[in-house]
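Have a look at the structure below, then the notes.
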């Protein structure tokens, strides 16, 4: 779609291109008994699992089985859920020998799973000697509490904990972690993250199954090959672009022009516009005609008062 406005002094922003944006829904499968779902706040008497997951992370759909899911929440630690090679799995491993920690915890706060978490005041129950595999992203001393690793085309996040014990699932960090996980998974879904961009932005494309991706438009042709995530350079010209994979068109991309200085209204003040007359607006640092007249009148009154009092004093 091409949207145009009346021409003005800046010709480049007189038109913009909008591409059809389809919702990038994440299919989530949740495994765990009713007691565990209630303990993890993922079910209640009034809300089902789908409602609770949607509250934590919008644009999610509950999958009926692991193989059709983009993301599996294996809360019971059942390694035989049957996820596909490209599925992301959050697996909980209940401790064989429970140990409690109250911090401080070593947290990789820049990890996409943990952005916004604090673990302040959390009582964590896990196994001090558990071997989770992967890279530790939350630790207590020498014990790994949360790890992350790549498995085939997917990812596996392992929690060394008893979710029904401790206070982790009753802290703000639990829904933050789940929300981060869903959004992280969404960014890795096949296809472009966003199809409506502005000049200066880059195009990220999820490519979990690999392939050759070609972007064509006003700036020419750019080709990228690989797996997982591909980055196309920042757009230099606005317009309509097409993205194809292995010769098949998969998405349209619209790029508009945005001048930050034109959109910066911090230096402006309020104004008013009459129904049929010309609009009058005041700009910070300037004044309207009525303000100047009022200022001159005030100065005249002060001068008259000073002159009158001076004459009385002279008498």
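Each reported figure results from applying straightforward, stated rules to the coordinates on display, with no laboratory input. None of these values were measured; they are calculated from a predicted model. Every residue, glycine as well, gets a Cβ built from its backbone with ideal geometry; the counts of neighbours run over all protein chains shown.
Tabulated data for the structure shown
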| item | result |
| --- | --- |
| Calculated log₁₀ intensity ratio I(q)/I(0) where the Debye formula runs over C-alpha points of the range 155-226, q = 0.13, 0.16, 0.19, 0.20 Å⁻¹ | -0.59, -0.74, -0.88, -0.94 |
| Solution diffusion estimate, µm²/s, Stokes-Einstein, the range 69-215, Kirkwood Rh from C-alpha pairs, 4 °C, viscosity 1.567 mPa s | 78 |
| Approximate spin-label separation residue 244-residue 198, in nm, with each point projected 7 Å along Cα-to-Cβ | 3.1 |
| Nitroxide proxy distance, nm - points 7 Å out along Cα→Cβ at residue 237 and residue 221 | 1.6 |
| Over 18 Å [Cα-Cα, the range 189-252], rounded percent | 25 |
| Peptide ranges 158-167, 97-106, 54-63, 117-126 listed from the most packed, as the mean C-beta count within 10 angstrom indicates | 158-167, 117-126, 54-63, 97-106 |
| At 1.306 mPa s and 10 °C, Stokes diffusion of the range 139-191 via Kirkwood alpha-carbon radius, µm² per second | 123 |
| Pairwise centroid distance, computed over Cα atoms, of the range 197-228 with the range 128-157, Å | 32 |
| Label-point gap, in nm, between residue 150 and residue 120 - each point 7 angstrom along Cα→Cβ | 3.6 |
